[in-house]
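Accompanying notes for the structure given below.
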Amino acid sequence: MTATTPIYAWKRFTLEAREQTLPNGIITEHITLTHPGAVLILPVANDGKLVMVHQYRPSIDRWIYEFPAGTMESGEHPETCAKRELSEEVQLAASEWHSVGESLPAPGFCDETQYLYVAKQVSATDGELDEDEIIEVVHFSVDEVAHMIASNEIQDSKTIVAFCRAQLLGLIG
């Protein structure tokens, strides 16, 4: 990368034009949405059910099922963000945390990395939603979530990736 020109900045996101030399030697301009990173938490309730949110997403003008998630603050460690988001979105704290890797949701135009966690040994705590969040907390069995993914009722990619990784790692049934 030889030069970066900001095009537009909003909150924690920036649209940038980047002059880059590709691996084949071609110099090109690429537009990138810079993103501070995000977390997703797959909470497992003490009865074994998975805690999800049914959330209204204005960008697509509809409600979707997903696991709690959120954007990292500047300089925030991913696990710190995950603990904050778990508290804010579903009013839970967890004493057992497992990283299940990272996901790149849109690498063709965005540099966002999503850090994925499974949270276990949960207990109730205080938390407050952001004012622009409309969320209903719901609980489903592992089999119900698997069926919802297979039937296309769950379409959120970060939720699907975290669920699959948690299953492959033996963290959920």
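What follows is calculated from the coordinates using simple rules that are stated; it is not laboratory data. Note that this is a predicted model, so its numbers are computed, not measured. Here the Cβ is made from the backbone with ideal geometry for all residues, glycine too, and neighbour counts use every protein chain on show.
Quick look at the values:
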| item | result |
| --- | --- |
| Three-way shape label, the range 87-132, alpha-carbon gyration tensor, a/c 1.5 | oblate |
| Kirkwood-type radius of the range 28-165, with distances r between different C-alpha atoms, in Å | 15.4 Å |
| Average Cα contact separation per residue, the range 84-131, under 8 Å, 6 or more apart, as relative contact order % | 49 percent |
| Net dipole in debye of the chain [+1 Lys, Arg Cβ; -1 Asp, Glu Cβ; about Cα centre; nearest 20] | 460 debye |
| Global size of the range 49-115 as Cα Rg and Dmax, reported in angstrom | 13.2, 36 |
| The chain: calculated mean residue ellipticity at 222 nm from DSSP helix runs of at least 4, using -39500 (n - 2.57) | -6000 deg cm²/dmol |
| Charge tally in the Cβ shell below 14 Å around residue 80, where Lys, Arg are +1 and Asp, Glu are -1, residue 80 excluded | -3 |
| Per-residue HN-Hα couplings for the range 18-32 [Karplus 6.51, -1.76, 1.60; θ = phi - 60°; Hz; x = Gly/Pro] | 10, 7, 10, 9, 6, x, 8, x, 6, 9, 9, 9, 10, 8, 10 |
| Diffusion constant of the range 95-173 at 37 °C, which comes from Stokes-Einstein with the Kirkwood Cα-pair radius and 0.692 mPa s, µm²/s | 224 µm²/s |
| Between the range 79-126 and the range 1-60, the alpha-carbon center distance in angstrom | 16 Å |
| Proximal lysines to residue 120, defined as alpha-carbon separation beneath 24 angstrom and excluding residues fewer than eight positions away on the same chain | 49, 83, 158 |
| Of the GluC sites (Glu not before Pro) in the range 126-165, those whose Cβ has at most 12 other Cβ within 10 Å and which sit in DSSP loop | 128, 131, 153 |
| Surrounding net charge for residue 171, when Lys and Arg each add one and Asp and Glu each subtract one, Cβ distance under 11 Å | +1 |
| Over 22 Å [Cα-Cα, the range 1-100], rounded percent | 50 percent |
